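To start, the structure under review is shown below, and the notes come after it.
The values are calculated or read from the model by the stated rules, or taken from the named source; none is laboratory data. Just so we're clear, the structure is a prediction, and the values are computed from it rather than from any experiment. Virtual Cβ from ideal backbone geometry, glycine too; neighbours counted across all protein chains shown. For the accessible areas, the whole protein counts, side chains as well, though only heavy atoms, and no ligand, DNA or RNA atoms are used. Shrake-Rupley method; radii C 1.70, N 1.55, O 1.52, S 1.80 Å.
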Amino acid sequence: MFTASLSNGTIISLVDDWPLQELKDLRKKDQFYCPVCEKPVVLKIGRKNHSHFAHHSKQGCSYLPEHETNYHLTGKRDLYDWLKNQNVPVKMEYYLPIIKQRPDLVFRLQNKLYALEYQCSTIPLDLIEKRTEGYLQQGIIPVWILGGNRLKRRGQHQFTLQAYEWFASIEQQTSERMIVYYCPETKAISHLHHITPYSTTKVLASYNEVPLIDTKIETVLYPPLKPSQLLQQWLTIKKHWRYQIPHPYPHLIERYFRQLVYKHRLSPSLFPIEAGWPTSYCELLETPTYIWQTFLLLECFQYQPLNQPFNKNIVVQCMQGLIRNRLFSQRNLLDTKSWTLSIDGYLDWLVKVRYLQRLDTTNDQYIRLREAIHPKNSSQAIQLDHKCMFRVIEKNPLYLNSKMKEELN
């Protein structure tokens, strides 16, 4: 940490430019204390690393449990200087006594107060939740920026996210999610946006990176909205699901899925074409979309008579038991939204592919227009998945990239 209090209670900050000899003299004649837990701390004067204060190895801070590496200290200092250079009023490690929390940075922008947490290490879910709730109780807007070292790439558009990293995600106006990263080694700020999970920890997302010096704080808090062009990439995910080799010792959810499709005399690889799509709010469920969407098609929608009205509540009730029994698991997010929003997103998708028709927006009335499409073999399944995707993007030109346009023409 960069701040500490002296014996007389004066708070000093190493963010200010201290001459090396002055720090050495101060260390000889005074004692330093943590402003949060009030335990003695040590002044570590760095030549290669940043000068900073640290708790004694056997006396950790109960309010600041994680150890700050030089990577973290450098990033925190960079973000502080970055805000100062934009004339944004900012304080480093400002202690909030009412909630006993000390964010890395506190700043004010457009008459709103923000607490910026720069997180470079794993943190328990309950702790990040507690910190965020504390800020919100004080009318402070929490902003979580992850260290660039947290970015785990699996491919051009595929990444791995741990459970606590979802807590750092920001919901944009389009209901899409975004995570902000900063790497003090490259001096670059980056965004992972249009984050769409396809398993508990794996996601499909777009990534962009710009130098910190060329970035404004407004761009980080309110990034410009961009259309997603990842729908075609999703075909690769569906192909993986269709060609995956069954595990000899499947997890409970996979075992349930096999029983479900066998009950309807289907092969696990030949689940309906209308299942397994990245629909709005699907991130609210950790269960892969091909499983819970197949469940709804086979156990709910197919029992609704063709061209006869039914209410959305029927669909919610079908899912409720599996959610309650935790067979279908919900994802932990800071902005707690009802998992039923994922049902809304899927219903909208089924309307786009002309499986359903919405009759009444006020009472959520739908009718089923046709049977779900069951492919006969894997080759046909891939072909029909591709056709289904283009049926959707024809109605949504923003999904189109140049390659898609060529194929449509």
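Distance between the pseudo-spin-label points of Leu369 and Glu209 (7 Å out from Cα toward the beta carbon): 4.4 nm. If I model the range 271-346 as equal point scatterers sitting on the Cα atoms and use the Debye formula, what is log10 I(q)/I(0) at q = 0.17 Å⁻¹? Per q value, in the given order, log10 I(q)/I(0) is -0.63.
With r as the distance between the Cβ atoms of Lys239 and Leu306 and R0 = 30 Å, compute the FRET efficiency 1/(1 + (r/R0)^6) and round to 0.05. Before the final figure, lay out each step's value.
Values: r = 31 Å, r/R0 = 1.02.
FRET efficiency, Leu306 to Lys239: 0.45.
Here the range 93-118 and the range 153-211 have alpha carbon centers that stand 24 Å from each other. Where in the range 111-131 does the amide nitrogen come within less than 19 Å of the point 7 Å from the Cα of Leu221, taken along Cα to Cβ? The answer is 111-119, whose backbone nitrogens lie closer than 19 Å to the label point. Taken as Cα centroids, the range 271-303 and the range 346-375 sit 13 Å apart, rounded to the nearest whole angstrom. Binning every alpha carbon pair distance of the chain at 10 Å from zero, what are the percents per bin? Binned Cα distances yield the sequence 4, 19, 26, 20, 15, 10, 5, 1, 0. Label positions at Gln31 and Gln162, each projected 7 Å from the Cα along the C-beta direction, are separated by 3.6 nm.
Using C-alpha positions alone, give me the convex hull volume of the range 313-375 per residue in cubic angstrom.
On the way: hull volume 8.0 nm³, N = 63.
Expressed per residue, the convex hull around the Cα atoms of the range 313-375 is 127 Å³.
Between Asn332 and Arg154, what is the FRET efficiency for a Förster distance of 22 Å, r being their Cβ-Cβ separation, to the nearest 0.05? Could you put the intermediate results ahead of the total?
Working: r = 22 Å, r/R0 = 0.98.
For Asn332 and Arg154, the calculated efficiency is 0.50.
Calculate, for the range 292-371, the solvent-accessible area per residue in square angstrom, rolling a 1.4 angstrom probe over the heavy atoms of the protein chains.
Numbers: 3820 Å² over 80 residues.
Here the residues of the range 292-371 average 48 Å² of exposed surface.
Placing pseudo-labels 7 Å out from each Cα toward the beta carbon at Arg108 and Arg358 gives an inter-label distance of 4.3 nm. For the range 79-120, the Cα-based Rg and Dmax, in that order, read 10.4, 30 Å.
Using r as the Cβ-Cβ distance of Arg255 and Glu38, and R0 as 60 Å, what FRET efficiency do you calculate, to the nearest 0.05?
On the way: r = 54 Å, r/R0 = 0.89.
Once rounded, the FRET efficiency stands at 0.65.
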